[in-house]
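Each remark here refers to the structure printed beneath this line.
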Amino acid sequence: MNPLKSVWGTIISGIVLAVIIMLAVRGMQPAAPDGAAAALAINPWAFWVWIHVLVGITWIGLLYYFNFVQIPAMPAAKADGTAPGITKHIAPRALLWFRWAAVATWFTGALALEAMHTADGSGFVAAFTLSEGYKAIGMGAWLGTIMLFNVWVLIWPNQKKILGMVEATDEAKVKAAMVALMASRTNTLLSIPMILGMIAQGHGYPF
């Protein structure tokens, strides 16, 4: 069976390949002094950051797809009659991946914060209280939390009205479209400083 014929097969194959490449590049750990084979240790911080980046790319990639591609293209799609196919088949699937990738991004980010913290206490608390050494990533964590709120409280409930997944009057759909659009554009705006905070934590600010 060709794994590339399914989305999950492709994802799993990519993870397996990543692990194989990692082992080949870094080499297996040397044997223990007593001659026994050393166990392959897992770096929790690196592991959760890796997963966090993967699901974060999915979330932000779809956010950018909606804002840079689908929304601007909808007037033309309505004009040539292809809009119903987008709203019926493409948008619901994209929103499914979008909203759950947002959840996965937030939770893996929280796990990464805990794993990176070496002092007493919680890395999660250190970031969200903007403690010394955690201000950059804390800023990113706060912005990501606001964005997660926008996804589940503003974007998704209103998108269900727009797509006809819940009953709504035409007037309510017009209002829902504006709320969802503004929340989505807000998230696009916030994603730029959020990504800056994530990068700055490990590499410093660009200027």
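Numbers below:
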item	result
Point-charge dipole on Cβ atoms (K/R +1, D/E -1) for the chain, about Cα centre, debye to 20	660
Once the Cα gyration tensor of the range 43-203 is diagonalised, semi-axes √(5λ) in Å	35, 15, 13
Charge dipole (the chain, unit charges on Cβ, about Cα centre) - positive-most of 192, 54, 169	169
In the chain, lysine pairs with alpha-carbon atoms under 28 angstrom apart (chain gap of 8 or more, or interchain)	14
Relative contact order [Cα under 8 Å, 6+ residues apart], the range 43-203, whole percent	26
Helix 135-149 axis, angle to the chain major axis (alpha carbon atoms, nearest 10°)	40
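Here, each number is a calculation from the coordinates, and none is a lab measurement. No experiment lies behind these values; they were computed from the predicted model shown. FYI the Cβ positions are ideal-geometry reconstructions off the backbone, even for glycines, and counts take in every protein chain you see.
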